[in-house]
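Nothing in this text is a laboratory measurement; each read-out follows from the coordinates by a stated rule. The model shown is predicted, which means the values in this text are computed figures rather than measured ones. Heads up, the Cβs are rebuilt from the backbone with ideal geometry, glycines too, and the neighbour counts pull from every protein chain shown.
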Amino acid sequence: MAALTRLSKSSFSSLSSLSSVSRISRSLYSGFAPDTSSHGATSYSPRLGSTPNLAVKDTKDRSVQWVFLGSPGVGKGTYASRLSNLLGVPHIATGDLVREELASSGPLSQELSEIVNQGKLVSDEIIINLLSKRLEAGGAKGELGFILDGFPRTIRQAEILEGVTEIDLVLNLKLREDVLLEKCLGRRTCSQCGGNFNVASINVKGANGHPAISMAPLLPPAHCMSKLVTRADDTEEVIKHRIHVYNEKSRPVEEFYRSRGKLLEFDLPGGIPESWPKLLEALNLDDYKEKQSAAA
Ligand SMILES: Nc1ncnc2c1ncn2[C@@H]1O[C@H](COP(=O)(O)OP(=O)(O)O)[C@@H](O)[C@H]1O
C-alpha cells in the first residue's frame, strides 16, 4: 500500500468541489439545534419558539449538507437513500465509491481489495480523491447538497471536510453490536439490479439496559432470489474487525461533531417499519411532504 504521505490540506484541494457543489440555505436550519446537553441524548429539541424551517422555498434554494455516522451494518445506506429521495439531494456512500473502484479493475483495485477484505480503512487520501471525483461529477450535473454516508470516518477526514464546507447535521445511527453482527451476516445484494436486502430474522431480548430488538427480514422479489450475493467483507471475523475499527477510529468523529453541537443521536428501535417514521419525527420531517405541497 502506498506509504501514507503526510496528509496536508493541499492534498485535498480537490475537495473544494464540495463548496462549489452545494449552497447552504442557512434559513433551512435556523433554530435547529441537536440537544447535546446530556451526552448520549437520543433525541433533540429545536430551540424554543422555532423549528427547522424545512419548507423549501423553491428547488434552486434547496440544499442539505448532512453526514451519516454509524457502525457497520447499522443501516446508514438504508436511511440515507430514503432521505435522499425525500429531500431530493444525492446520497453519496464512500463504501459504494470504493466498491465501484474495486469493480473497475483500475490501478487501485488490488490494494483496495486487500484493505477492504481485511476490514481496514482505506487511506484518507484515496477516499478523499474518490469522493472529490464523485462530487465534481455531481456538480457538473447540477447536484445540490449531499447526504454523506460513511464519510468522514476519521478525525483527519472530519477536519479536512470542515476546512472546505459546513455540515448542517450529523445523524449518528446506533444499534447494539450483537444486532449489527446479525444484520451484516444477513446482508445480501442482487448481482443484477444492485438491490440491497437482508435475509436475517432478528429477535434479541433486552440486555444490559438495551431494549429488545426485532427486525423482520427484508426479502427480495422472486426474480432476485437466485442472484443474491454476499459482500466479501461480511464474514463474522471481518465484521467484528470493522466494528472494532469503527469504535477505534470513528467514535472520536462522533465526539468531534457532538462538541460542535451538530450531532443528533438516534437509537434504531427496530427494522424499517418501526424506525423510519420515528426518524422522520426526530428530524422534524414527518410532515415534510405536506409542507412541500403547501409551499408549492
Ligand atoms: N470514509 C472512509 N474512510 C476509509 N475507508 C472507507 C471509508 N468509507 C468506506 N471505506 C472503506 O470501504 C469499506 C466499506 O465501507 P461501507 O460500505 O461504508 O461499510 P460499512 O458501513 O459496513 O463499514 C470500509 O470497510 C472501508 O474499507
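Taking Glu177, is it within 14 Å of the ligand (Cβ to nearest atom), under 30 Å from Ile202 (Cβ atoms) and among the charged types (D, E, K, R)? Spelling it out, Glu177 is indeed within 14 Å of the ligand (Cβ to nearest atom), under 30 Å from Ile202 (Cβ atoms) and among the charged types (D, E, K, R). Summed over region 182-204, the residues that are free of Cβ contacts under 8 Å to residues at least 40 places away in the same chain, over 19 Å from Pro273 (Cα atoms) and not hydroxyl-bearing (Ser, Thr, Tyr) give a count of 4. Regarding region 76-92, can at least one residue be identified that is near the ligand (Cβ under 10 Å from one of its atoms), touching a residue at least 40 places away in the same chain (Cβ under 8 Å), over 20 Å from Ser63 (Cβ atoms) and part of a loop (DSSP other than H, G, I, E, B)? Looking for residues that are near the ligand (Cβ under 10 Å from one of its atoms), touching a residue at least 40 places away in the same chain (Cβ under 8 Å), over 20 Å from Ser63 (Cβ atoms) and part of a loop (DSSP other than H, G, I, E, B), one finds none in region 76-92, hence no. Looking at (1) among the β-branched types (Val, Ile, Thr); (2) within 18 Å of Met215 (Cβ to Cβ); (3) out of contact with any Leu (no Cβ under 6 Å at 6 or more places or on another chain), which is the one condition that is false for Val238? All conditions pass for Val238, except number (2).
Cβ separations smaller than 7 Å between residues 6+ apart or across chains give the following pairs from region 112-129 residues that are under 17 Å from Ile92 (Cβ atoms) to residues that are in a helix (DSSP H, G or I) and among the hydroxyl-bearing types (Ser, Thr, Tyr): Ile127/Thr94; Asn129/Ser14. Note on region 183-222: residues that are assigned to a helix (DSSP H, G or I) and crowded, with 20+ Cβ neighbours inside 10 Å total 2. Of all residues in region 115-131, those satisfying the criterion of being of a type in the set (S, T, N, Q) and surrounded by fewer than 19 Cβ atoms within 10 Å (Cβ to Cβ) are Asn117, Gln118, Asn129.
Here is the figure for region 113-126: residues that are within 8 Å of the ligand (Cβ to nearest atom), part of a helix (DSSP H, G or I) and in contact with a Lys or Arg (Cβ under 9 Å, 6 or more places away or on another chain) total 2.
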